[in-house]
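A.B. asks: Let me begin by handing over the structure; questions about it come next.
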Amino acid sequence: MTEIHLLKRMAHALMSGQNRAAKDDYRPHWHLAPNVGLMNDPNGFIHHQGRYHLFYQWNPFACAHGAKFWGHWSSADLLHWRHEPVALVPAESYETHGCYSGSAVDDNGVITLIYTGNVKYDDGSRTANQCLARANDDGEYEKLGPVLTLPAGYTGHVRDPKVWRHDGNWYMVLAAQDLEKQGKVLLYRSADLRQWHQVGEIAGSRLGGLGDFGYMWECPDLFGLDDKDVLICCPQGLAAEGERYLNTFQAGYFLGTLNYQTGCYQHQDFNELDLGFEFYAPQTTQSEDGRRLLYGWMGIPDQDELLQPTVANGWIHTMTCPRELSLQDGLLYQRPARELQQLRQNASEWRGAAADAPRLAVGSAELQIAPQGAFNITFADALTLDWDGERLTLSRRNLRTGEAEHRYWRGALQQLQILCDSSSIEVFINDGQAVMSSRYFPSGEPVAVLSGVGQLMLRHWLLDACVIE
């Protein structure tokens, strides 16, 4: 299709569907979500000339994974957002089946996007092109076309470039699948963003001390934090191991040291980034004051996602809250970005036995809990969080089977910070040591009911809505 035809269809989808979507009781108050259609990976997250820019994978035509556009929001403070012109439309021959995920850089003062042009053929095969687009004076993006075609030795599953600058050169990590169907992360180097040279495979299945570890590693992101090089990635094809790897696909990280010249990346074990039901494809950037910030997609591909009730109102999925990353005790800690504290209002505190706690509004709220002993929280009769003194269990009913499903964390629990929205919850454990993020869809009043014999110190705020213009 031509770009103008796709834009006409997009405009029709927005005009015919956004009023219905906006009236959905499950629309978030302060998380980012698409006006219509399906949203998934955060893309091109960057701070540039006083504003954050967050692009996102978007199918405006349906709640399905069709040909992806790049939508675009910007914000000065992570709270007040505005819609920017749609950045990428899959209209060219090198991106016929979607402008897939990628990143953004500041190239001599101009935001430049690096993304995957996805092409599928009638025989079921596919190829991938890594492409550039540059911002113009009107805030639109002019495509420069492919700068890297499919590398030899890999299937058509090569995508999701994340680019950054280091010691005068540009570097790219790229998700790939080799001809033996093993997931890899490739490292490339360039002087000008146009001519790219492969440094090597820095990580992947059957590398770095790993055995078989997934058939595809999506959405890599590599950055320095303190004295470590952190590699975030999403290995697909990991079998569940006890209480680990329980989602269809996983998102996690390695801590290590990268030799930029040889491509040797010596890393520690893989750790999941989020232990909840929905978290995938995270991407980071650096704030103006030097913090490493992360957004994730609060969804999992192919995990009953199209059974979510918002589909009936023409939209699906949200982003996570923005998170600050830090290293502590050999782990990557995640905390809600400090800007979110500006949403707090109507503060209250309470102490006592969990069973005596008041009912708490959680339609848009924050809870902080310091527990001593076992307790349970039920959120709107739709989701429960249970601490038995050794294990924290998050539970809900599966949308497909109706059976109970669970996610777990074990450790010494000192503190919980729980961020609630109309259809999501993000549980930060021990000031960011671990996180459990999940969607849920209450049918009743959005209140939390506590029970148990444990003593609690409880703080509660209502959260104001974010502004999206």
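A.B. asks: My understanding is that a pair violates if its Cα-Cα distance is over 30 Å; which of K143/K228; K68/K228; K143/K184 do that in this structure? Walk me through the intermediate numbers first.
C.D. replies: Values: K143/K228 35 Å; K68/K228 34 Å; K143/K184 28 Å.
Long pairs (Cα-Cα over 30 Å): K143/K228; K68/K228.
A.B. asks: Q266's amide H: which non-local residues (gap 5+, or another chain) put their own amide H closer than 5 Å, with H modeled 1.01 Å from N in plane and none for Pro or chain starts?
C.D. replies: Answer set, sorted by chain and number: T257, N259.
A.B. asks: Continuing with this model, one more query. Taking the Cα of H83, stepping 7 Å toward and past its beta carbon, and measuring to each backbone N in the range 451-469: which are under 13 Å?
C.D. replies: Correct set: 468-469.
A.B. asks: When only the heavy atoms of the protein chains count and the probe is 1.4 Å, how do L307, L88 rank by accessible area, highest first? Write down the numbers at each step before the final one.
C.D. replies: Values: L307 85, L88 0 Å².
The ranking, largest first, comes out as L307, L88.
A.B. asks: Excluding A152 itself, calculate the net charge of residues whose Cβ lies under 15 Å from the Cβ of A152, where each Lys or Arg counts +1 and each Asp or Glu counts -1.
C.D. replies: Numbers: positive: K184; negative: D178, E180, E201.
Computed value for this residue: -2.
A.B. asks: In the range 333-362, which trypsin sites (Lys or Arg not before Pro) are in a loop and have at most 16 other Cβ atoms within 10 Å, using DSSP for the loop call? List each step's numbers first, then the result.
C.D. replies: Numbers: sites: R338, R344, R351, R359; in loops: R359.
Of the trypsin sites (Lys or Arg not before Pro), the ones in loops of the range 333-362 whose Cβ has at most 16 other Cβ atoms within 10 Å are R359.
A.B. asks: Here is a follow-up. Calculate one ³J(HN,Hα) per residue across the range 312-320 by plugging θ = phi - 60° into the Karplus curve 6.51 cos²θ - 1.76 cosθ + 1.60, and present them in order as whole Hz with x for glycine and proline.
C.D. replies: 4, 9, x, 8, 7, 5, 9, 7, 6
A.B. asks: About the Cα centre of the range 30-147, how large is the charge dipole given +1 on each Lys and Arg Cβ and -1 on each Asp and Glu Cβ? Please answer in debye to the nearest 20. All intermediate terms of the calculation are to be shown ahead of the outcome.
C.D. replies: On the way: 7 positive and 13 negative charges, 53 e Å.
For this selection, approximately 260 debye.
A.B. asks: Charges on Cβ only, +1 for Lys and Arg, -1 for Asp and Glu, centred on the Cα centroid of the chain; of H80, I429, H12, which one is farthest towards the dipole's positive end?
C.D. replies: It is H12, whose Cα lies furthest towards the positive end.
A.B. asks: While we're on this one: Can you grab the distance from the C-alpha centre of the range 123-161 to the C-alpha centre of the range 253-272, Å, no decimals?
C.D. replies: Value for the Cα centre distance between the two parts: 26 Å.
A.B. asks: At a probe radius of 1.4 Å, what is the per-residue accessible area of C63, in Å² to the nearest 10?
C.D. replies: 20 Å²
A.B. asks: Separate question: Within the range 400-469, list the trypsin sites (Lys or Arg not before Pro) lying in a DSSP loop whose Cβ has at most 16 other Cβ atoms in a 10 Å radius.
C.D. replies: On the way: sites: R400, R407, R410, R439, R459; in loops: R400.
Answer in residue order: R400.
A.B. asks: If each residue of separation counts as 0.36 nm, what is the full-extension length gain between R51 and S326 once their alpha-carbon separation is subtracted?
C.D. replies: Extending this stretch completely gives an extra 96.8 nm.
A.B. asks: How much of the DSSP bridge set in the chain is antiparallel, in percent, rounded to the nearest 5? Display every interim value, and only then the final one.
C.D. replies: Numbers: 154 of 158 bridges.
Counting DSSP beta bridges with both partners in the chain, the antiparallel share is about 95 percent.
A.B. asks: Under a 1.4 angstrom probe, counting protein chains only, how are T257, T310 ranked by accessible area, largest first?
C.D. replies: T257, T310
A.B. asks: Where the only charges are on Cβ atoms (+1 Lys, Arg; -1 Asp, Glu), what is the dipole of the range 3-335 about its Cα centre, to the nearest 20 debye?
C.D. replies: 540 debye
A.B. asks: Explain nothing, just the number: dipole magnitude of the range 338-463 about its Cα centre with +1 on each Lys and Arg Cβ and -1 on each Asp and Glu Cβ, in debye rounded to the nearest 20. Walk me through the numbers before you get to the answer.
C.D. replies: Working: 12 positive and 14 negative charges, 25 e Å.
Rounded to the nearest 20 debye, it is 120 debye.
A.B. asks: With every protein chain left in place and a probe of 1.4 Å, what is the accessible surface of W387, to the nearest 10 Å²?
C.D. replies: Around 20 Å² of this residue is reachable by solvent.
A.B. asks: R400: net charge of surrounding residues, Cβ under 11 Å, Lys/Arg +1, Asp/Glu -1, itself excluded?
C.D. replies: Values: positive: R397; negative: D304, E305, E403, E405.
Taking every other residue near R400 into account, the sum is -3.
A.B. asks: Just want to confirm a number: the relative contact order over the chain, from Cα pairs under 8 angstrom separated by 6+ residues, in percent. The partial results should precede the final answer.
C.D. replies: Numbers: 1277 pairs, mean separation 64.0, N = 469.
Worked out over the chain, it gives 14 percent.
A.B. asks: Do you know the relative contact order of the range 218-329, to the nearest whole percent, from alpha carbon pairs under 8 angstrom that are 6+ apart? Could the numbers behind the result be given before it?
C.D. replies: On the way: 197 pairs, mean separation 22.8, N = 112.
Dividing the mean separation by the residue count of the range 218-329 yields 20 percent.
A.B. asks: Rounded, prolate or oblate: which fits the chain when a ≥ b ≥ c are the square roots of the eigenvalues of the alpha-carbon gyration tensor, with rounded for a/c under 1.5 and prolate only if a/b beats b/c? Write out the running numbers ahead of the final one.
C.D. replies: On the way: a/c = 1.70, a/b = 1.38, b/c = 1.24.
Note, shape of the chain comes out prolate.
A.B. asks: Which of Y94, G237, T257 sits farthest toward the positive end of the charge dipole of the chain, with +1 on the Cβ of Lys and Arg and -1 on the Cβ of Asp and Glu?
C.D. replies: Y94
A.B. asks: Okay, moving on. Using DSSP to define loop residues, name the chymotrypsin sites (Phe, Trp or Tyr not before Pro) in the range 1-78 whose beta-carbon has at most 12 other beta-carbon atoms within 10 Å. Intermediate results must be reported in sequence, preceding the final value.
C.D. replies: Numbers: sites: Y26, W30, F45, Y52, F55, Y56, W58, F61, F69, W70, W73; in loops: Y26, W30, F61.
Answer by residue number: there is no such site.
A.B. asks: Using each residue's phi in the range 99-116, evaluate 6.51 cos²θ - 1.76 cosθ + 1.60 at θ = phi - 60° and report the 3J(HN,Hα) Karplus result to the nearest Hz, with x for Gly and Pro.
C.D. replies: Working through the residues one at a time gives 8, 6, 5, x, 9, 9, 9, 9, 10, 6, x, 10, 5, 10, 9, 10, 9, 9 Hz.
A.B. asks: Test of understanding: what is the full-extension gain from V311 to A465, defined as 0.36 nm times their sequence separation minus their Cα-Cα distance?
C.D. replies: This chain segment gains 53.2 nm when fully extended.
A.B. asks: Another question, if that's okay. Just add up the charged neighbours of F375: K/R +1, D/E -1, any other residue whose Cβ is under 12 Å from the Cβ of F375. Walk me through the numbers on the way to the answer.
C.D. replies: On the way: positive: none; negative: D356, D386, D388.
Overall, the nearby charge balance is -3.
A.B. asks: Also, I was wondering about something else. Hey, what did the range 56-177 get for relative contact order, percent, Cα under 8 Å, at least 6 apart? Intermediate results must be reported in sequence, preceding the final value.
C.D. replies: On the way: 276 pairs, mean separation 21.7, N = 122.
It rounds to 18 percent for the range 56-177.
A.B. asks: How much length, in nm to one decimal, is gained on full extension between W350 and E403, taken as 0.36 nm per residue of separation minus their Cα-Cα distance?
C.D. replies: Separation in residues times 0.36 nm, less the Cα-Cα distance, equals 15.7 nm.
A.B. asks: Read phi for every residue in the range 358-371 and hand back ³J(HN,Hα) as whole Hz from Karplus 6.51 cos²θ - 1.76 cosθ + 1.60, θ = phi - 60°, with x for Gly and Pro.
C.D. replies: Calculated HN-Hα couplings, in order: x, 5, 10, 5, 10, x, 7, 7, 10, 10, 10, 10, 10, x Hz.
The values are calculated or read from the model by the stated rules, or taken from the named source; none is laboratory data. All values reported here derive from a predicted model rather than from experimental measurement. Cβ sites come from the backbone with ideal geometry, for glycine too, and all protein chains shown count toward neighbours. These accessible areas exclude ligands, DNA and RNA; they are computed on the full protein's heavy atoms, side chains included. Shrake-Rupley method; radii C 1.70, N 1.55, O 1.52, S 1.80 Å.
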